[in-house]
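The values are calculated or read from the model by the stated rules, or taken from the named source; none is laboratory data. Given the structure is predicted, the values throughout are model-derived calculations rather than measurements. Because the Cβ atoms are built from the backbone with ideal geometry, glycine has one as well, and the counts that use them run over all protein chains shown.
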Amino acid sequence: MRLKKSVVMVGMMGAGKTAIGTQLAKLLSVPFIDSDDEIVLAANRSIAEIFERDGEPFFRQKESQVIGRLLEGPSAVLSTGGGAFMSEHNRAMIAQKGVSVWLRADLDLLWNRVRHKNTRPLLRTANPRATLKEIYDKRVPVYALADLAVDAEADLSIDDMARRVLGALSTRADVLEG
């Protein structure tokens, strides 16, 4: 199978965008790129440090620049940060140059995956579970605008999830051929 345009993984923190995207890229024999990793490389600082020093608006500006640059490159599987798809500008770039895949996961699954990690700057609050729910409620209607939605399930392996995404992509002649 040949990937005709980049696959952009979108969804909440903890949905599995990086893990599933990495496996999907292997299945498709294309590069995997994590936009957050690219931002860290460009800034020479962690996401948390960027948020702390420069604020979220600065981070979002850099995120848009990086996503735009990555979408100009060869077809790949691109994982984006949880907030990237909230930007109308980013959604338009992704729609023009790629296909968005929402990894749809329920709040309990997400919480189980992120609650023990201290690498999530948006969850550094007095009540991180309530914060996660607030973010979830705000973002889900926007994620629903993605080209494809694939349901995440706790009992599925990363490979099974990647194959589920591949199955959804195979319904799109503009994305996969062969």
Worksheet item: Hey, among the residues in segment 12-46 that are part of a helix (DSSP H, G or I) and in contact with a Phe, Trp or Tyr (Cβ under 7 Å, 6 or more places away or on another chain), which one's nearest to residue 91 (Cα to Cα)?
Response: 21
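Take the residues in segment 129-178 that are among the β-branched types (Val, Ile, Thr) and part of a helix (DSSP H, G or I); name whichever of them is nearest to residue 91 (Cα to Cα). Before the answer, list the steps.
Taking segment 129-178 first, the residues among the β-branched types (Val, Ile, Thr) are 131, 135, 140, 142, 150, 158, 165, 171, 175.
Right, trim to part of a helix (DSSP H, G or I) and you get 131, 135, 140, 142, 158, 165.
Numbers: 131: 24, 135: 18, 140: 14, 142: 10, 158: 26, 165: 19 Å.
Only one residue tops the list, namely 142.
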Practice prompt. Check off (1) without any contact (Cβ under 8 Å) to a residue 12 or more places away in the chain; (2) acidic (Asp, Glu); (3) buried (at least 19 other Cβ atoms within 10 Å of the Cβ) for residue 36 and give me the number that stays unchecked.
Written response: (1)
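Rundown of residues vs (1) at pLDDT 95 or above; (2) touching a Ser or Thr at 6+ places or on another chain (Cβ under 7 Å), yes/no style:
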| residue | (1), (2) |
| --- | --- |
| 10 | yes, yes |
| 29 | yes, no |
| 41 | no, no |
| 94 | yes, yes |
Practice prompt. Check 75, 79, 170 and return the single one that is hydroxyl-bearing (Ser, Thr, Tyr) and surrounded by 21 or more Cβ atoms within 10 Å (Cβ to Cβ).
Written response: 79
Worksheet item: Within the set of pairs 6 or more residues apart or between chains, which connect a residue that is farther than 22 Å from residue 33 by Cα inside segment 50-71 to a residue that is modelled with pLDDT of 90 or more and surrounded by 14 or more Cβ atoms within 10 Å (Cβ to Cβ) with Cβ atoms less than 8 Å apart?
Response: 53/45
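Within segment 142-156, is there a residue that is among the β-branched types (Val, Ile, Thr) and modelled with pLDDT under 95?
Keep residues of segment 142-156 that are among the β-branched types (Val, Ile, Thr), which gives 142, 150.
After this cut, where a residue has to be modelled with pLDDT under 95 as well, the list is none.
No.
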Discussion item. Checking residue 57 against (1) in contact with a helix residue (DSSP H, G or I) (Cβ under 6 Å, 6 or more places away or on another chain); (2) more than 26 Å from residue 162 (Cα to Cα), only one condition comes out false. Which one?
Written reply: (1)
Discussion item. Can you confirm whether residue 46 is among the polar types (S, T, N, Q), buried (at least 21 other Cβ atoms within 10 Å of the Cβ) and more than 20 Å from residue 136 (Cα to Cα)?
Written reply: no
Worksheet item: Can you tell me which residues in segment 82-111 are touching a Phe, Trp or Tyr at 6+ places or on another chain (Cβ under 8 Å), under 19 Å from residue 164 (Cα atoms) and of a type outside the set (S, T, N, Q)?
Response: 102, 104, 110
Worksheet item: When you go through (1) under 24 Å from residue 46 (Cβ atoms); (2) touching a residue at least 24 places away in the same chain (Cβ under 8 Å); (3) exposed (fewer than 13 other Cβ atoms within 10 Å of the Cβ); (4) of a type outside the set (Asp, Glu) one by one for residue 144, which number turns out not to apply?
Response: (1)
Worksheet, complete the sentence: Note on residue 74: of the conditions (1) in contact (Cβ under 8 Å) with a residue 24 or more places away in the chain; (2) over 12 Å from the mean Cα position of the chain (by Cα); (3) over 20 Å from residue 99 (Cα atoms), unmet is (3)
Worksheet item: Any idea which residue in segment 14-24 is nearest to the chain's Cα centre (by Cα), counting only those that are among the hydrophobic types (A, V, I, L, M, F, W, C) and surrounded by 21 or more Cβ atoms within 10 Å (Cβ to Cβ)?
Response: 15
